[in-house]
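Below: the structure, in structure tokens.
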Amino acid sequence: MIEIFGPAELQRAGESGAFISSVLQSLKKRITVGTNLLEIDQWAGEMIREAGARSCYVDYAPDFGSGPFGHFICTSLNDAVLHGMPYDYALKNGDLLTLDFAASLNGFVADAAISFTVGTPVNTTDAKMIKATQLALAAGINAAVPGARIGDISHAIGSVLTDAGYLVNTEFGGHGVGSTMHQDPHIANIGRPGRGYKLRPGLLLAIEPWVMLDTATLKTDADGWTLKSATGARAAHTEHTIAITEDGPRILTH
């Protein structure tokens, strides 16, 4: 399913995006060494309820997961990169944490992710990975103009990531959003320009570059959800929801 929205609907989608951004930034400020991943999940749930929003994750049960996710936010830690299920773990200094959060507000879903180091960085590679995903996201967003194609976004993202020395996995990537969380079109993090769905004003996309330090191969954790690097290497992930407009891409989760 691909949905196209008018200006009034995009305004409402923007409100959802602002909520997602505020939750992520609030959580990042609140998280310190010693914060438990389950506390983060609890805080996210409280903010959803206070806003009158609806979780996209609690009852989410796609074919690539093991039953309903059952939590309000994804907390991917160190070698985990996607779909990190919160568990009883107190964060340590130098942990690399990704928060991936999606919710529906006023009938519109927005989705975003941030990666950051908890406490004091213990290496230089984490910051380099995070920066690469941020630059790749910016390149992908800049390519998301009316008349361009999904392949143009994928090519822009992949060019940044590969130039930075990372291998790119194509199993999971960006996607359309709207009244539901995961819609067509799929946005791979590497691809050929000029291919795929043609972008139209009113389209909402979640664009999400992610990389692992030395591999493109994933393995699934015993929890049936958390995706980790096959080598145990650390990983980073950055995501924004954007709207395609006549004037170009507009970031909703900034």
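So in the stretch 230-245, with the set limited to residues that are in contact with a Leu (Cβ under 7 Å, 6 or more places away or on another chain) and more than 28 Å from ALA144 (Cα to Cα), which one is surrounded by the most Cβ atoms within 10 Å (Cβ to Cβ)? Among those residues, the one meeting the criterion is ARG234.
What residue, of SER115, SER104, SER66, is modelled with pLDDT under 95 and of a type outside the set (Phe, Trp, Tyr)?
Details: SER115 fails: modelled with pLDDT under 95; SER104 fails: modelled with pLDDT under 95.
Every option except SER66 fails the conditions.
Only residues that are of a type outside the set (Val, Ile, Thr), within 21 Å of LEU96 (Cβ to Cβ) and open to solvent by less than 10 Å² (accessible area, probe 1.4 Å) were counted across the stretch 170-216, and they come to 4. Against the condition within 17 Å of the chain's Cα centre (by Cα), closer than 27 Å to ASP214 by Cβ and surrounded by fewer than 24 Cβ atoms within 10 Å (Cβ to Cβ), how does PHE69 come out, does it pass? No.
Given the structure, is GLY196 assigned to a loop (DSSP other than H, G, I, E, B), in contact (Cβ under 8 Å) with a residue 24 or more places away in the chain and either more than 21 Å from SER104 (Cα to Cα) or out of contact with any Asp or Glu (no Cβ under 7 Å at 6 or more places or on another chain) (or both)?
Working: assigned to a loop (DSSP other than H, G, I, E, B): yes; in contact (Cβ under 8 Å) with a residue 24 or more places away in the chain: yes; either more than 21 Å from SER104 (Cα to Cα) or out of contact with any Asp or Glu (no Cβ under 7 Å at 6 or more places or on another chain) (or both): yes.
Yes; evaluated as a whole, the condition is true for this residue.
Apart from one condition, ALA80 fits all of (1) open to solvent by 20 Å² or more (accessible area, probe 1.4 Å); (2) touching a Lys or Arg at 6+ places or on another chain (Cβ under 7 Å); the exception is (1).
On the basis of being among the β-branched types (Val, Ile, Thr) and open to solvent by less than 20 Å² (accessible area, probe 1.4 Å), does ILE114 make the cut?
Values: among the β-branched types (Val, Ile, Thr): yes; open to solvent by less than 20 Å² (accessible area, probe 1.4 Å): no.
Answer is no for this residue.
Within the stretch 120-178, being of a type in the set (A, V, I, L, M, F, W, C) and in contact with a Gly (Cβ under 6 Å, 6 or more places away or on another chain) holds for VAL122, VAL145, ILE150, ILE153, ALA156, ILE157, VAL168.
Scanning the stretch 49-57 turns up no residue that is among the polar types (S, T, N, Q), open to solvent by 10 Å² or more (accessible area, probe 1.4 Å), within 16 Å of the chain's Cα centre (by Cα) and within 26 Å of SER159 (Cβ to Cβ). Total residues in the stretch 41-91 satisfying the condition of being in contact with a helix residue (DSSP H, G or I) (Cβ under 8 Å, 6 or more places away or on another chain) and polar (S, T, N, Q): the figure is 2. Listed conditions (1) under 22 Å from HIS254 (Cβ atoms); (2) outside any loop (DSSP other than H, G, I, E, B) are all met by ALA144, apart from (2). Can you name the residue in the stretch 1-17 that is surrounded by 15 or more Cβ atoms within 10 Å (Cβ to Cβ) and aliphatic (A, V, I, L, M) and is also nearest to ALA51 (Cα to Cα) among such residues? Among residues in the stretch 1-17 that are surrounded by 15 or more Cβ atoms within 10 Å (Cβ to Cβ) and aliphatic (A, V, I, L, M), the one nearest to ALA51 (Cα to Cα) is ALA13.
The values are calculated or read from the model by the stated rules, or taken from the named source; none is laboratory data. Everything quoted here is computed from the prediction, not taken from an experiment. Because the Cβ atoms are built from the backbone with ideal geometry, glycine has one as well, and the counts that use them run over all protein chains shown. Side chains are part of the model used for accessible areas, which takes the heavy atoms of the whole protein and leaves out ligands, DNA and RNA. Shrake-Rupley method; radii C 1.70, N 1.55, O 1.52, S 1.80 Å.
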